[in-house]
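Worksheet: the structure to be examined is printed underneath.
The values are calculated or read from the model by the stated rules, or taken from the named source; none is laboratory data. Please read these numbers as outputs of a predicted model, since none were measured by experiment. Cβ placement follows ideal geometry from the backbone for every residue including glycine, while neighbour counts extend to all protein chains displayed.
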Amino acid sequence: MSLEFAASHILWRQFERNNDAPAVDDGQIEKVKDFVNAFFHSHGHTGQAQDHHAFRWYAAQNQTFRTMLKQLVGELGNQILLNDLDLVVLTHWTPDVEIGCSVTNAIIYETGSHDAFGIAISDHGLSSTFLALQVIEDYLDDMDRGSHEKKALLMIADQDAILYSSPCLASFSPTASACVVMLRSLRGEHTAGQSGSIAFKHYRKVPFPATRQALDALLATLDMFTSEEELLPLVILTTPCFAGQLRQHAQLATNRIESWDEALLSSAPWVRLKELATDSNRILLVLPEGKYLVCAGFVAEA
């Protein structure tokens with residue numbers, strides 16, 4: 001089974017704060033702070049909610065995941081039929097400012113795909129979208145619906161407002177952003193995509209190379225592409241910091257090395273992937289996470 005999508009079916013946007021937002025309601029702010037304090041207490045944290053975090057959170061209500069994604073899904077619906085989805089997946093790193101809302105159910109209702117299954121993937125860091133691809137492929141592969149094409153909607157959203165201090169998040173200078181990707185899965189032998197299509201190859205999570213030799217052997221370790229695909233130029237897409245490290249290694253530096261805009265958080269790799277898919281090439285997304293590298297491979301057909 002192959003999992004494919006078109007570059008034109010990757011839609012994304014940054015969302016600005018609403019300058020006409022209603023004045024801060026003291027009662028709502030206290031409820032937000034009570035929620036945060038209860039969250040802290042449940043995790044054994046002795047800190048208290050800060051007013052400036054609560055104000056920022058409250059002012060971001062026009063940037064909820066549901067609000068952002070509903071706009072993008074509406075735009076995608078102008079391009080392709082969405083009432084026959086088999087799977088709807090939401091991935092995110094930061095929490096939603098709308099507590100208690102099932103975003104996948106809201107989008108399933110919005111699209112009319114009432115037989116679709118919805119699931120959210122969080123608590124997996126910025127690599128949640130990489131993992132989601134493997135989850136989508138495995139789920140669609142397990143569906144017993146003959147040989148017809150199956151469809152999955154991948155939704156990605158993150159906030160720039162959270163309820164506590166996070167130096168890690170602040171270092172990205174984040175903006176509220178969202179992205180949607182329409183994926184299709186075809187059963188049976190499928191060796192070449194149509195012009196403008198991107199094929200997902202593999203998801204890999206491997207130990208971070210401990211030596212220069214191990215890093216130079218990274219591509220062989222991942223075993224992402226077929227011998228025929230190996231003839232295509234390779235683009236390695238990663239964080240700005242890791243891109244700098246890769247350029248210092250002669251073997252890897254023979255390939256084109258690109259980086260994404262970290263301010264876009266989980267959407268960032270997809271925004272850059274859309275830009276890079278204008279040429280026929282292999283694209284390898286690489287994200288360092290602690291002691292591991294999380295990777296996803298693609299083949300773009302120009």
Subject >> Among (1) modelled with pLDDT of 95 or more; (2) in contact with a helix residue (DSSP H, G or I) (Cβ under 7 Å, 6 or more places away or on another chain), the one test that Ile108 misses >> reply: (2)
**OP:** Scan region 36-88 residue by residue and report those that are of a type in the set (Phe, Trp, Tyr) and modelled with pLDDT of 85 or more.
**Re:** Phe40, Phe65
Original post:
Among the residues of region 6-27, which ones are surrounded by fewer than 14 Cβ atoms within 10 Å (Cβ to Cβ), under 15 Å from Ala60 (Cβ atoms) and at pLDDT 80 or above?
Top reply: Glu16
**OP:** Can you run down the residue pairs with Cβ atoms below 7 Å, 6 or more apart or on separate chains, where the first is in region 121-135 and touching a residue at least 60 places away in the same chain (Cβ under 8 Å) and surrounded by fewer than 17 Cβ atoms within 10 Å (Cβ to Cβ) and the partner is assigned to a strand (DSSP E or B) and acidic (Asp, Glu)?
**Re:** Gly125/Glu289
Original post:
If you take the residues of region 44-71 that are without any contact (Cβ under 8 Å) to a residue 40 or more places away in the chain and farther than 30 Å from Val181 by Cα, which of them is surrounded by the most Cβ atoms within 10 Å (Cβ to Cβ)?
Top reply: Phe55
Original post:
So Phe39 fits all but one of (1) closer than 29 Å to Met155 by Cα; (2) assigned to a loop (DSSP other than H, G, I, E, B); what number is the exception?
Top reply: (2)
